[in-house]
Amino acid sequence: MPQATSVPTPTTLQSGAYWIRAVVQPNYHKYLQTKPANIPGTAILESYTTAGQFNIVDGQLVNKVSNPPLYMWVEEPADKASPPRTLATWFNATRNPFGTFAWQGDTLTWSVPSVKRQNVAAWLVCKNQALFVNTGAYGYQTPSGCADQTIHYYNDKTANN
């Protein structure tokens with residue numbers, strides 16, 4: 001398998017791709033990406049100047065710029081009936097085997113039948129801007145050091161602040 005190398009994301013949106021960003025404080029217009037850009041690593045929300053470009057293909061959230069393509073993964077909890085409040089996310093060069101990504105309007109969702117969630121569009125942004133699936137109620141008993149977020153696609157030709 002070819003090794004991914006960090007390449008800057010084009011500043012103009014590529015055909016078939018979307019920017020993905022938060023739209024409320026404290027992460028208003030922070031964009032989905034990895035750091036360094038476009039290589040396997042933790043999914044984060046950060047500056048529009050380094051925003052990644054993505055789309056959903058067959059239930060997989062795919063980085064459309066990286067070569068090879070990168071897929072967002074979600075941590076699979078040992079106890080699916082009582083999962084932890086946060087499930088880690090990251091990008092990897094192989095397809096995510098756990099759960100399905102989808103658009104609900106312009107909102108990014110993730111779901112899997114074995115993990116019951118009140119809101120499939122609920123995410124958390126925690127230490128170092130890391131993105132987590134929120135398995136609890138949105139806006140209720142938010143873990144310390146985290147912020148509740150929903151994230152949405154944006155399809156203008158350039159990312160903005």
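Okay, residues lined up against (1) of a type in the set (Gly, Ala, Ser); (2) in contact with a strand residue (DSSP E or B) (Cβ under 6 Å, 6 or more places away or on another chain):
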position: Ser6; (1), (2): yes, no
position: Gln25; (1), (2): no, no
position: Tyr31; (1), (2): no, yes
position: Lys64; (1), (2): no, yes
position: Pro77; (1), (2): no, no
position: Ser82; (1), (2): yes, no
position: Gly105; (1), (2): yes, no
Any hit, the range 104-114, residues being open to solvent by less than 30 Å² (accessible area, probe 1.4 Å) and at pLDDT below 95: no
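Any chance you could count how many residues in the range 28-52 are over 11 Å from the mean Cα position of the chain (by Cα) and open to solvent by less than 10 Å² (accessible area, probe 1.4 Å)?
Residues of the range 28-52 over 11 Å from the mean Cα position of the chain (by Cα): 28-30, 35-41, 46-51.
Restricting the remaining residues to those that are open to solvent by less than 10 Å² (accessible area, probe 1.4 Å) gives 38, 51.
Matching residues across the range 28-52 total 2.
Tally up the residues in the range 130-148 that are farther than 16 Å from Ala81 by Cα and under 11 Å from the mean Cα position of the chain (by Cα), please.
Let us first name the residues in the range 130-148 that are farther than 16 Å from Ala81 by Cα, namely 130-132, 138-148.
Next cut, under 11 Å from the mean Cα position of the chain (by Cα) only: 130-132.
Selection size over the range 130-148: 3.
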Total residues in the range 6-23, condition within 25 Å of Glu75 (Cα to Cα) and open to solvent by 50 Å² or more (accessible area, probe 1.4 Å): 3
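Of all residues in the range 90-111, count the ones that are of a type in the set (Gly, Ala, Ser) and either part of a strand (DSSP E or B) or touching a Cys at 6+ places or on another chain (Cβ under 8 Å) (or both). Spell out the reasoning first.
Within the range 90-111, the first condition is being of a type in the set (Gly, Ala, Ser), and the residues that meet it are 93, 99, 102, 105, 111.
Now restrict to residues that are either part of a strand (DSSP E or B) or touching a Cys at 6+ places or on another chain (Cβ under 8 Å) (or both): 102, 111.
So the count comes out to 2.
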The range 115-146, residues that are surrounded by fewer than 17 Cβ atoms within 10 Å (Cβ to Cβ), among the small types (Gly, Ala, Ser) and in contact (Cβ under 8 Å) with a residue 12 or more places away in the chain: Ala137, Gly145
Test: residue in the range 35-57 that is touching a helix residue (DSSP H, G or I) at 6+ places or on another chain (Cβ under 7 Å), part of a loop (DSSP other than H, G, I, E, B) and in contact (Cβ under 8 Å) with a residue 40 or more places away in the chain: no
Residue ID - modelled with the highest pLDDT, chosen from residues in the range 58-89 that are among the small types (Gly, Ala, Ser) and either in a loop (DSSP other than H, G, I, E, B) or touching a Gly at 6+ places or on another chain (Cβ under 7 Å) (or both): Gly59
Lone unmet requirement of (1) surrounded by fewer than 17 Cβ atoms within 10 Å (Cβ to Cβ); (2) among the basic types (Lys, Arg); (3) under 18 Å from Ala159 (Cα atoms) for Lys80: (3)
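The values are calculated or read from the model by the stated rules, or taken from the named source; none is laboratory data. Computed from a predicted structure; not experimentally measured. Heads up, the Cβs are rebuilt from the backbone with ideal geometry, glycines too, and the neighbour counts pull from every protein chain shown. Side chains included, ligands, DNA and RNA excluded: accessible areas come from the protein's heavy atoms. Shrake-Rupley method; radii C 1.70, N 1.55, O 1.52, S 1.80 Å.
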